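Participant: Below: one structure in structure tokens.
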Amino acid sequence: MAALFLLAGGLLVAALVPVVLDRLPVRLPRGDFWLAFSGAFITTTVLLHLFPEFHFSIKAIPFVVVGFFVQFFMEMWTRGIEHGHAAASPIVSGGRLWGLWIGLLVHSVLEGVSLISAGTLQAAAAGEMYLSVLIHKIPAALILYFILKESVASVSRRWGLFLAFAAASPVGMLIGWGMVDTHVQLLWAVGALVVGSFLHIGTSMLSEVGHHHQRSLSSIAAVLVGLLVAWMI
């Protein structure tokens with residue numbers, strides 16, 4: 001249980017990184033390198049590690065396919081924030097803001113559940129899933145933070161929405177922990193759905209690197225580094 005709270009705390013800290021970055025006196029550099037590294041790492045991790053683990057346990061192909069397309073349709077509400085996509089305008093209001101926030105909340109809770117799901121298969125699978133969640137949590141939190149900052153006038157409401165998002169994955173881990181003894185097949189199915197979601201997120205990150213499909217040397221190097229790191233873990 002102590003390890004569970006330690007991992008959940010790591011996710012919470014990752015989600016709160018934008019609060020620190022917002023207070024830095026310097027302008028942050030362009031994020032193509034991080035986007036390229038994250039996309040390559042997540043895609044390779046899914047294909048080499050996570051998919052084989054889940055497929056061995058529950059014949060996961062249907063669940064992975066469904067998860068991929070659920071993520072595709074979810075982005076109608078979340079605007080692709082899960083994979084670091086920044087909208088042209090940071091101001092979102094009304095139903096679109098609630099749709100974006102609820103979509104990210106559901107996505108984050110399922111990620112938390114999937115971490116416990118992977119842990120019931122192999123410790124290595126749990127570590128790989130955790131790194132994938134952690135890596136894409138930071139850009140997603142960064143974009144959501146600045147959207148809320150520009151779109152929600154009330155400081156208390158803005159912080160309430162953001163902290164709920166930050167806590168969603170740790171809450172998902174607690175839900176998953178409660179399912180281990182009674183609903184392990186459902187737990188594995190949720191994990192496989194998230195694997196499909198990650199496949200969509202990783203490939204989307206890669207497709208957004210560069211401008212008009214032109215890739216810089218640094219972004220190509222980032223892809224290679226992400227691929228090698230995922231290959232070696």
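Participant: Rounded to two decimal places and with Rh computed the Kirkwood way over Cα pairs, what is Rg over Rh for the range 116-206? Intermediate values should be presented prior to the final figure.
Facilitator: Values: Rg = 15.5 Å, Rh = 14.8 Å.
Ratio of gyration radius to Kirkwood radius for the range 116-206: 1.05.
Participant: How high is the FRET efficiency between T120 and W98 when r is their beta carbon distance and R₀ equals 30 Å, given to the nearest 0.05? Before the final figure, lay out the partial values.
Facilitator: Details: r = 34 Å, r/R0 = 1.12.
With R0 = 30 Å, the Cβ-Cβ based efficiency is 0.35.
Participant: Sequence-distant or interchain residues sharing an amide H contact under 5 Å with H183, placed H: which?
Facilitator: Result for H183 returns nothing.
Participant: For the range 154-171, what does the Karplus curve 6.51 cos²θ - 1.76 cosθ + 1.60, with θ = phi - 60°, yield as ³J(HN,Hα) per residue in whole Hz, taken in order and with x for Gly and Pro?
Facilitator: Result, rounded to whole Hz: 6, 5, 5, 5, 4, 5, x, 5, 6, 5, 5, 4, 4, 8, 5, 5, x, 5.
Participant: Counting other beta carbons within 10 Å of each Cβ, put L148, L105 in order, fewest first.
Facilitator: Details: L148 22, L105 19.
So the residues, fewest neighbours to most, are L105, L148.
Participant: Ranking S114, S219, S207, S38 by Cβ neighbours within 10 Å, fewest first, what do you get? Mind dumping the intermediate values first?
Facilitator: Numbers: S114 32, S219 22, S207 12, S38 25.
Placing the least packed residue first, the sequence is S207, S219, S38, S114.
Participant: Continuing with this model, one more query. What is the order of L97, L144, fewest Cβ neighbours within 10 Å to most? Can you show the working numbers first?
Facilitator: On the way: L97 16, L144 24.
Arranged by neighbour count, lowest to highest, L97, L144 become L97, L144.
Participant: Assuming R0 = 30 Å, what is the FRET efficiency of M232 and V106, from their Cβ-Cβ distance, to the nearest 0.05? Numbers along the way, then the final one.
Facilitator: Numbers: r = 33 Å, r/R0 = 1.09.
Calculated value: 0.40.
Participant: Same structure again: V184 to F146: FRET efficiency via 1/(1 + (r/R0)^6), r the Cβ-Cβ distance, R0 30 Å, to the nearest 0.05? Write out the running numbers ahead of the final one.
Facilitator: Numbers: r = 39 Å, r/R0 = 1.31.
With a Förster radius of 30 Å, E is 0.15.
Participant: By how many nm would the segment from S156 to R215 lengthen if fully extended, with 0.36 nm per residue of separation less the alpha-carbon distance? If you can, show how the numbers build up before the last one.
Facilitator: Values: separation 59, 0.36 × 59 = 21.24 nm, distance 4.13 nm.
Taking 0.36 nm per residue and subtracting the Cα distance, the gain is 17.1 nm.
Participant: At 25 °C and 0.890 mPa s, what whole-number value in µm²/s does Stokes-Einstein give for the translational diffusion of the range 147-197, with Rh from the Kirkwood sum over Cα pairs? All intermediate terms of the calculation are to be shown ahead of the outcome.
Facilitator: On the way: Rh = 13.1 Å.
The estimated diffusion coefficient comes to 188 µm²/s.
Each value in this text was obtained by applying a stated rule to the coordinates, not by laboratory testing. Predicted model only: the values in this text are computed from it and were never measured. Every residue, glycine among them, receives a Cβ derived from its backbone with ideal geometry; neighbour counts consider all protein chains shown.
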